[in-house]
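Report on one structure; see the data block that follows.
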Amino acid sequence: MVMERTYIMIKPDGVQRGLTGEIIKRFEQKGYKLVAMKLTKPSKEHMEKHYADLANKKFFPGLIEYMTSGPVCAMVWEGKNAVLEGRKMLGATMPSDSAMGTIRGDFCIEVGRNICHGSDAVESANHEIGMWFPEGVCEWTRCDEKSLYE
């Protein structure tokens, strides 16, 4: 079975509010496997590269300023349909459009403080993983994989 990898980043608001453990718990309980994680304070240049597709948006300078204001928790999760399912778990980008039970639906109010970033496609996940984890990820097998997958 081919497993996908997705990049999930807990933004400074999530780290500052002490939600890192809760977010990790939700991905683990779903059955996804954590294959890379680090707490880091990204540079302005790194964030500009990460969000390059938004560079022409009016909110871009504020986004970069905020994303470099404190540490982020960068993670790579692996599992079946990890990109799509990870996005569902996060909820809509706009917290007011997020259902209760999603991370954003449960924990945030404003789009500028929406707790997490999640890859939107396998291709962007691969790009983001390479950007945040040039050293690679940890290859391992969960002892309960046979209980998770057919």
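The values are calculated or read from the model by the stated rules, or taken from the named source; none is laboratory data. Given the structure is predicted, the values throughout are model-derived calculations rather than measurements. Reconstructed Cβ throughout: ideal geometry from the backbone, glycine too, with neighbour counts over all protein chains shown. We work out accessible area using only protein heavy atoms, side chains counted, and drop any ligands, DNA or RNA first. Shrake-Rupley method; radii C 1.70, N 1.55, O 1.52, S 1.80 Å.
May I ask you to list the residues in region 43-56 that are touching a Leu at 6+ places or on another chain (Cβ under 8 Å) and of a type outside the set (A, V, I, L, M, F, W, C)? Tyr51, the sole residue that qualifies.
For region 80-96, a tally of residues being touching a residue at least 12 places away in the same chain (Cβ under 8 Å) and either out of contact with any strand residue (DSSP E or B) (no Cβ under 6 Å at 6 or more places or on another chain) or loosely packed, with under 15 Cβ neighbours inside 10 Å (or both) returns 10. Scanning region 65-120 for residues that are of a type in the set (Val, Ile, Thr) and touching a Phe, Trp or Tyr at 6+ places or on another chain (Cβ under 7 Å) yields Val76, Ile115.
Of all residues in region 1-21, those that are under 23 Å from Glu85 (Cβ atoms) have Cβ atoms under 6 Å from Cβ atoms of residues that are hydroxyl-bearing (Ser, Thr, Tyr) and open to solvent by less than 10 Å² (accessible area, probe 1.4 Å), 6 or more apart or on another chain, in Thr6/Ser119; Tyr7/Ser119. Taking the criterion of being without any contact (Cβ under 8 Å) to a residue 40 or more places away in the chain and of a type in the set (A, V, I, L, M), the residues of region 22-76 that qualify are Met37, Leu39, Met47, Ala52, Leu54, Ala55, Ile64. Evaluated against (1) within 18 Å of Met67 (Cα to Cα); (2) in contact (Cβ under 8 Å) with a residue 60 or more places away in the chain, Val122 falls short on exactly one condition, (1).
Residues in region 19-35 that are over 23 Å from Ser69 (Cβ atoms) and among the small types (Gly, Ala, Ser): Gly31 alone.
Looking across region 104-146, the residues that are under 18 Å from Glu4 (Cα atoms), open to solvent by 100 Å² or more (accessible area, probe 1.4 Å) and assigned to a helix (DSSP H, G or I) come down to Glu123, His127, Lys146.
For Val2, the conditions (1) modelled with pLDDT under 95; (2) farther than 19 Å from Ser119 by Cα all hold with the exception of (2).
Screening Lys11, Lys25, Lys33 for residues that are modelled with pLDDT of 95 or more and open to solvent by 60 Å² or more (accessible area, probe 1.4 Å) leaves exactly one candidate, Lys25.
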